[in-house]
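Undergrad: Attaching a single structure in structure tokens format; questions to follow.
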Amino acid sequence: MSDFLLALKLIHVLGAAVLFGTGLGIAFFMWMAHRTRDPAAIAHTARIVVIADAVFTATAVIMQPLSGVLLARAMNHSLAEPWIAASLVLYGVIGLCWLPVVWIQIKLRDLAAEAARTSSDLPARYYELFRIWFWLGWPAFLGVIAIFALMIFRPALW
Ligand code: HEM
């Protein structure tokens, strides 16, 4: 494999690490903050989480298919090969889960900040949105693991 290809693969694998690691980290810190039921702690964590998603996740979300498609071209893989096609579909599904999650995190941050400012309890809307956030996170998390497996095993699916 040429040095160019290896460099491209390095970028791709680093992107995968950022995507997975930031996602898992964000989910863990949001969950731990939520467990405190303390509006100020939740608002503070959600503020950082929103920034982390915008800086790290969003960059990796764009870089991943880009580096992936370049890698596929350079290695003479067709995008129609089952493991790549399945990854692209899964990637789309993950994106559809992630976009509302970004919006929900902003809402959770604002609702918690408002509760902290007025020294009141977290509103029912907060808990409603948190539940949706939680259940959208699982398919996205498992989907990324499935893509890791597809990239590594490269199965002939059909
Ligand atoms: C979305 C479109 C994607 C495309 C088109 C794509 C394409 C590729 C290609 C062509 C390779 C090189 C395979 C080879 O060595 O023959 C590769 C490797 C790899 N990809 Fe992707 N990829 C994509 C997304 C992802 C995602 C989302 C992840 C994980 C989050 C990921 C993780 C990896 C890993 C870990 C490898 C290295 C596998 C190995 O060397 O055994 N890829 N990818």
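Undergrad: Sorting Arg154, Arg131 by accessible area (1.4 Å probe), largest first, what list results? Walk me through the numbers on the way to the answer.
TA: Details: Arg154 115, Arg131 140 Å².
Largest accessible area first, the residues go Arg131, Arg154.
Undergrad: Can I ask one more? Can you give me the three principal axis dimensions of region 1-154 from its C-alpha atoms, in Å, biggest first?
TA: That gives 60, 26, 19 Å along the principal axes, largest extent first.
Undergrad: Given R₀ = 22 Å, FRET efficiency for Ala149-Ala41 by Cβ-Cβ distance, to 0.05? Can you show the working numbers first?
TA: Values: r = 36 Å, r/R0 = 1.63.
Once rounded, the FRET efficiency stands at 0.05.
Undergrad: Let me ask something additional. So, for region 2-158, what is the accessible surface per residue at a probe of 1.4 Å, expressed in square angstrom? Mind showing how you got there, number by number?
TA: Working: 9260 Å² over 157 residues.
Averaged over the residues of region 2-158, the accessible area is 59 Å².
Undergrad: Let me ask something additional. How much net charge surrounds Leu136 when only the other residues with a Cβ under 14 Å from the Cβ of Leu136 are counted, with Lys and Arg +1 and Asp and Glu -1?
TA: Details: positive: Lys107, Arg131; negative: Asp53, Glu128.
Counting the neighbours of Leu136, the net charge comes to 0.
Undergrad: Going by accessible area, probe 1.4 Å, with all protein chains left in place, what is the ranking of Leu24, Leu96, Leu71, largest first?
TA: Numbers: Leu24 80, Leu96 125, Leu71 20 Å².
The most accessible residue leads, giving Leu96, Leu24, Leu71.
Undergrad: Let me have the relative contact order for the chain, percent, based on Cα pairs under 8 Å that are six or more residues apart.
TA: On the way: 134 pairs, mean separation 49.1, N = 158.
Value for the chain: 31 percent.
Undergrad: Suppose the chain between Val89 and Ile106 were pulled fully straight at 0.36 nm per residue; how much longer would it get relative to their current alpha carbon spacing? Each step should come with its number before you reach the end.
TA: Values: separation 17, 0.36 × 17 = 6.12 nm, distance 2.68 nm.
Contour length minus the Cα-Cα distance gives 3.4 nm.
Undergrad: Roughly to the nearest percent, how much of the accessible area of region 45-158 is carbon and sulfur, given a 1.4 Å probe? It would help to have the intermediate numbers written out before the result.
TA: Values: 4950 of 6730 Å².
Of the solvent-accessible surface of region 45-158, carbon and sulfur hold 74 percent.
Undergrad: With charges set only on the Cβ (+1 for Lys and Arg, -1 for Asp and Glu), what does the dipole of the chain come to about its Cα centre, in debye to the nearest 20? Intermediate values should be presented prior to the final figure.
TA: On the way: 11 positive and 8 negative charges, 18 e Å.
Its charge dipole is roughly 80 debye.
Undergrad: Which helices count as membrane-span-like in the chain under these terms: full DSSP H, at least 20 Å along the axis by C-alpha, Kyte-Doolittle mean of 0.0 or more? Present the calculation step by step, with values, prior to reporting the outcome.
TA: Details: long enough: 3-36 (49 Å, 1.35); 58-74 (24 Å, 1.29); 82-117 (52 Å, 1.07); 124-153 (44 Å, 1.34).
Those that clear 20 Å and a mean of 0.0 are 3-36, 58-74, 82-117, 124-153.
Undergrad: Assuming R0 = 22 Å, can you tell me the calculated FRET efficiency for the pair Glu128 and Ile48, based on Cβ-Cβ distance, to the nearest 0.05? All intermediate terms of the calculation are to be shown ahead of the outcome.
TA: Working: r = 23 Å, r/R0 = 1.03.
The value I calculate is 0.45.
The values are calculated or read from the model by the stated rules, or taken from the named source; none is laboratory data. Worth saying up front: this structure is predicted, and the values here are computed from it rather than measured. Don't worry about glycine lacking a Cβ; one is built from the backbone with ideal geometry, like all the others, and counts go over all protein chains shown. In case anyone asks, the SASA skips ligands and DNA or RNA and just uses the protein heavy atoms, side chains included. Shrake-Rupley method; radii C 1.70, N 1.55, O 1.52, S 1.80 Å.
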